[in-house]
1. Given an 8 Å cut-off on Cα distances and at least 6 residues of separation, report the relative contact order of the chain as a percent.
2. Can you give me the solvent accessible area of residue 165 with a 1.4 Å probe, rounded to the nearest 10 Å²?
3. Using the heavy atoms of the protein chains and a 1.4 angstrom probe, tell me the accessible area per residue for the stretch 63-338 in square angstrom.
4. Could you pull the accessible area for residue 182 with a 1.4 Å probe, rounded to 10 Å²?
5. Please work out how much length the chain gains when fully extended from residue 229 to residue 242, using 0.36 nm per residue of separation minus the C-alpha to C-alpha distance, in nm with one decimal.
6. Using a 1.4 angstrom probe and counting only protein chains, how large is the accessible area of residue 98 in Å², to 10?
7. When only C-alpha pairs under 8 Å and at least 6 residues apart count, what is the relative contact order of the stretch 70-118, in percent?
8. Would you kindly calculate the translational diffusion coefficient of the chain, applying Stokes-Einstein with the Kirkwood radius from alpha carbon pairs, for 4 °C and a viscosity of 1.567 mPa s, and quote it in µm² s⁻¹ without decimals?
Amino acid sequence: MNIYGMTRAGLCKYFEEIGENPAKAAIILDGIYKKGMTDFSGFGFAERNIRRLSEDFDFALPEVVEKRENETAAKLLLRLSDGEFAETVLMRQRFGNVVCVSTQVGCNMGCAFCRSGLLKRRRDLTTAEILGQVLLVSREFSEEISGVSVMGIGEPFDNFNAVKDFCELVTDDCGFAVGRRRVTVSTCGIAPKIREYAELPRPCSLAISLHAPDDDLRSRLMPINKRYSIKEVLDAAEYFTKKTVHRVTLEYVMLRDVNDSAEHAERLAKLIAGRDFYVNLIPYNSTDTEFRKSPPERVEEFCAVLKANGAVATKRREFGAELDAACGQLRADYLKKST
Ligand code: SAH
């Protein structure tokens, strides 16, 4: 087993099963994530424990095959043990560094504007591979990590258990100790999974990729909407807010002449009126799709109309465009170069 995939609960269970004190779980997490240990020799454990642990666990991490960096963003392309690739981005924000992690190799959601879906899902990432992204980013760029966005390639709720364990581990006091409100899982809107996530004892924050104010347009942009309508998704999101007291973010990517008119903004405001949501307007990272980013004045107007209609809205700063950090781009470039 990979040690980077083990939560505190998982390690406690392991120690109980081998007849050892489960308190060793916290010692292990602390040693690995706080002190950077990469084998079991420095924990002060008895020789037989060291031998047993070394037989049962490895410290394998993905291999860094490409690294790009500028003042506001940094990006790693990772090769996984079976030769697949994963991408991860570090965003240097004013209030701290946020790592954006991928959860699958490829994605099956097929959103029309998204580059990730060009590669269909080949497999899910393991908890260790998701956590490994945070670990490698902090190591490669010697940075303190204060937030995590589960917004890289893949649909997190299509890989629910690994993402759940990742959230546990990255927020563990003995692990990276990132605050739960600073870890945001973003979903295209798999309503039953949103509810399941809300039921967890300590869920992290939630963001929903909405991108359209009506089912007709949303179904054209995001095929998942044909399975779970806007109403089902927003009802599930409201349930999450009630259960957790965390306000849900609705992400809205601004696509020129597609979803960015004042009328769209009015409809969106009406849709969420009286509900405790927060709208985040995302600049489209132009790729080789048919979609273009909305001009800044259109984004301004859209935001103003939302606010005038009582919605809480902000505009997201742009990160990583010049690094080709849009979902799926780095892998595609790398493969182009190496073939
Ligand atoms: N599958 C999840 C998380 C990954 S995508 C989800 O759908 O939320 C993370 C966010 O980036 C989503 O809101 C997605 O719609 C958006 N996105 C995809 N391609 C983009 C692009 N080229 N520019 C800006 N945002 C994009």
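The values are calculated or read from the model by the stated rules, or taken from the named source; none is laboratory data. Predicted, not measured: the structure shown is a model, and the values here were computed from it. Please note: Cβ atoms are built from the backbone with ideal geometry, for glycine as well, and neighbour counts cover all protein chains shown. Side chains are part of the model used for accessible areas, which takes the heavy atoms of the whole protein and leaves out ligands, DNA and RNA. Shrake-Rupley method; radii C 1.70, N 1.55, O 1.52, S 1.80 Å.
1. Reported as a whole number, the value is 15 percent.
2. Probe radius 1.4 Å; accessible area of residue 165 about 50 Å².
3. Accessible area per residue, the stretch 63-338: 42 Å².
4. So the heavy atoms of residue 182 present about 110 Å² to solvent.
5. Separation in residues times 0.36 nm, less the Cα-Cα distance, equals 2.7 nm.
6. 10 Å²
7. In percent, rounded to a whole number, it is 25.
8. 62 µm²/s
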